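Below is one structure, written out as structure tokens, with a few remarks after it.
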Amino acid sequence: MGILNRLRYWRRLKADLTARSAADIPERLPAQHGVIVGTDSHPKWLVFDCPCRRGHRVMLNLDPGHTPHWRVNTTYPLTLHPSVDERSTVGHCHYVVREGRVHWIERTDRR
């Protein structure tokens, strides 16, 4: 793999950190890294800083016993289903993460 491809791959979103509980998540996460909270056999949450870079943190439920929930297909680079539709105090972010790339979905609710 050439250096340019390695740099592109490095810049993709990945869920390569783990924590046993939400209290163990670092206050500052490295750029493009997410944390899977729980155990290998029972992941509970996926936590990462929103790729919009407005400073809000995203926590996605991975437990299929609760609704809504997301499924992580691969962690390095990250692929998850369904899309993330995050509404927070800083705004509305809607995107899909496939192979570590963030694909923004255009908002249709603007007037």
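The values are calculated or read from the model by the stated rules, or taken from the named source; none is laboratory data. These numbers were taken from a predicted model, which means no experiment stands behind them. With ideal geometry, Cβ positions are generated from the backbone for all residues, glycine too; neighbour counts draw on all protein chains shown. Keep in mind that these areas ignore ligands, DNA and RNA; they rest on the heavy atoms of the full protein, side chains included. Shrake-Rupley method; radii C 1.70, N 1.55, O 1.52, S 1.80 Å.
In the chain, carbon and sulfur make up what percent of the accessible area (probe 1.4 Å)?
The value for the chain is 51 percent carbon and sulfur by accessible area.
Here the Karplus relation 6.51 cos²θ - 1.76 cosθ + 1.60, evaluated at θ = phi - 60°, turns the backbone of region 15-22 into coupling constants of 10, 10, 10, 10, 8, 6, 9, 4 Hz, with x for every Gly and Pro.
The stretch between residue 96 and residue 54, if pulled fully straight at 0.36 nm per residue, gains 13.4 nm over its current Cα-Cα span. These residues, 79, 74, 18, go from largest to smallest accessible area, 1.4 Å probe, as 18, 74, 79. A simple spin-label model places the labels of residue 83 and residue 31 2.6 nm from each other, with each point 7 Å out along Cα-to-Cβ.
Once the 1.4 Å probe is applied to the protein heavy atoms, the chain comes out at 69 Å² accessible per residue.
Ranking request for peptides 39-51, 83-95, 19-31: highest mean number of other beta-carbon atoms within 10 Å first, then the rest in descending order.
Numbers: 39-51: 15.8, 83-95: 13.8, 19-31: 11.0.
Highest-to-lowest ranking by the protection proxy: 39-51, 83-95, 19-31.
Relative contact order of the chain, taken over Cα pairs closer than 8 Å and 6 or more residues apart, is 19 percent.
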